[in-house]
1. Quick one: which residue in GLU51, GLU28 is of a type outside the set (S, T, N, Q), without any contact (Cβ under 8 Å) to a residue 60 or more places away in the chain and under 22 Å from ALA221 (Cβ atoms)?
2. Test ASN178 against the stated conditions and say whether it is in a helix (DSSP H, G or I), out of contact with any strand residue (DSSP E or B) (no Cβ under 9 Å at 6 or more places or on another chain), among the polar types (S, T, N, Q) and in contact (Cβ under 8 Å) with a residue 24 or more places away in the chain.
3. Do you know which residues across segment 1-15 are touching a residue at least 60 places away in the same chain (Cβ under 8 Å) and surrounded by fewer than 24 Cβ atoms within 10 Å (Cβ to Cβ)?
4. Check ALA238, ALA231 and return the single one that is touching a His at 6+ places or on another chain (Cβ under 8 Å), buried (at least 23 other Cβ atoms within 10 Å of the Cβ) and not β-branched (Val, Ile, Thr).
5. How many of the residues making up segment 272-288 are in a helix (DSSP H, G or I) and either among the aliphatic types (A, V, I, L, M) or assigned by TED's automatic domain parsing to the domain that holds PHE167 (or both)?
6. Looking at (1) surrounded by 15 or more Cβ atoms within 10 Å (Cβ to Cβ); (2) farther than 21 Å from ARG131 by Cβ; (3) not assigned by TED's automatic domain parsing to the domain that holds ILE166; (4) not aliphatic (A, V, I, L, M), which is the only condition ARG264 fails?
Amino acid sequence: MAKALVTGGAGFLGSHLADYLIEEMGAEVVVLDDLSGGFADNVHPEARLVEGSIVDHDLVDRLFASERFDFVYHLAAYAAEGLSHFIKRFNHTNNLIGSVNLINAAVNTGVRCFVFTSSIAVYGAGQLPMREDMLPRPEDSYGIAKLAVEQELEASRAMFGLDYVIFRPHNVYGPRQNLGDRYRNVVGIFMNRLMRGEELIIFGDGDQQRAFTYVDDVIPAMARSAELDRARNRIFNAGADAVYSVNELAERVMQAMGLHGELRHVEARNEVYRAWSDHSRFRSVFPGAASTSIEDGLARMAAWANEAGVRSSAPFEAIEIRKNLPAAWLESPLGDPG
């Protein structure tokens, strides 16, 4: 039986991945999570939760030395693209340095494959559809950190023989998403605000375009990639093909929730206006992957959200740069459309 580490495994995406590894692949799973964005009750009862941060290199080294993992699935990150401009030190510490700690430990203990969840934020603007052979030009600190980790993995493969698989998913949503997060995951934020009877706040005109991806459509490929020779040392865009504006998304979320909320447009912020990717490479290596319609995906998440109920979270207190910080972020729990 393979032994796998899932970082961020108490969070939304990581907990779904850990479930699949255990239930469908029979893996022994250890979850490493500091619970800053996830919840202990998301963790599968057959997984072992180690509460701690990937930034703690002593903890990481001890864990790898004692467990001797076959595979690492690295999903831990603070994935707020828009906010990352204003928390550069925090962003790079958590998303880059923490990842380097894991890569060091993986090399030193003979991990067979390192699966990394990157982001289409590495592409930047004006490259549509985004393809893996394009030159990355990230426009925010989050995308810069993710690209740096990708490059560290490529260098570690060349220097030490550490195999990797990199996924660039986008706008993934579904049950267990942290509805109370103020800065990430616009689907969850819209649902939470509707349940609170609040207006849905949208940066700019709302015509920004994104593709929104249901969680079950990407998890099986991510889980099985570590054992697939044809996936090794490659990068894959992963996500939905259908593109929607943020205004359209708001209307569809209201339909799914059976609730109405007023839309309030606030000053636009600095973001990539249109972002979606080509998935032909993903489909060629992972044929038969599910493709859930936005209607079905939102309906499933809405059923879960109505049962889970309203969530709340504190604002991010450690803002490092306040110049050009969107005023709306200072007044209410808003979100990042991707």
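1. Among GLU51, GLU28, only GLU28 is of a type outside the set (S, T, N, Q), without any contact (Cβ under 8 Å) to a residue 60 or more places away in the chain and under 22 Å from ALA221 (Cβ atoms).
2. Values: in a helix (DSSP H, G or I): no; out of contact with any strand residue (DSSP E or B) (no Cβ under 9 Å at 6 or more places or on another chain): yes; among the polar types (S, T, N, Q): yes; in contact (Cβ under 8 Å) with a residue 24 or more places away in the chain: yes.
Considered against the rule, which asks whether it is in a helix (DSSP H, G or I), out of contact with any strand residue (DSSP E or B) (no Cβ under 9 Å at 6 or more places or on another chain), among the polar types (S, T, N, Q) and in contact (Cβ under 8 Å) with a residue 24 or more places away in the chain, ASN178 comes out as no.
3. Matches in segment 1-15: ALA2, LYS3.
4. None of the others qualify; the one that does is ALA238.
5. Going residue by residue through segment 272-288, those that are in a helix (DSSP H, G or I) are 280-285.
Next, only the ones that are either among the aliphatic types (A, V, I, L, M) or assigned by TED's automatic domain parsing to the domain that holds PHE167 (or both) stay: 285.
Result for segment 272-288: 1.
6. It is condition (1) that ARG264 fails.
Table: residues versus (1) β-branched (Val, Ile, Thr); (2) surrounded by fewer than 18 Cβ atoms within 10 Å (Cβ to Cβ); (3) modelled with pLDDT of 95 or more.
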| site | (1), (2), (3) |
| --- | --- |
| THR117 | yes, no, yes |
| GLN151 | no, yes, yes |
| GLY161 | no, yes, yes |
| VAL165 | yes, no, yes |
| ARG168 | no, no, yes |
| ASP181 | no, no, no |
| ILE201 | yes, no, no |
| MET222 | no, no, yes |
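Let's see how each residue does on (1) part of a helix (DSSP H, G or I); (2) at pLDDT 90 or above; (3) surrounded by fewer than 16 Cβ atoms within 10 Å (Cβ to Cβ):
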position	(1), (2), (3)
ALA256	yes, yes, no
ASN270	no, no, yes
ALA290	no, yes, yes
ASP296	yes, yes, yes
ALA302	yes, yes, no
ALA305	yes, yes, no
PRO315	no, no, yes
ALA318	no, no, yes
ILE321	no, yes, yes
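The values are calculated or read from the model by the stated rules, or taken from the named source; none is laboratory data. Given the structure is predicted, the values throughout are model-derived calculations rather than measurements. Don't worry about glycine lacking a Cβ; one is built from the backbone with ideal geometry, like all the others, and counts go over all protein chains shown.
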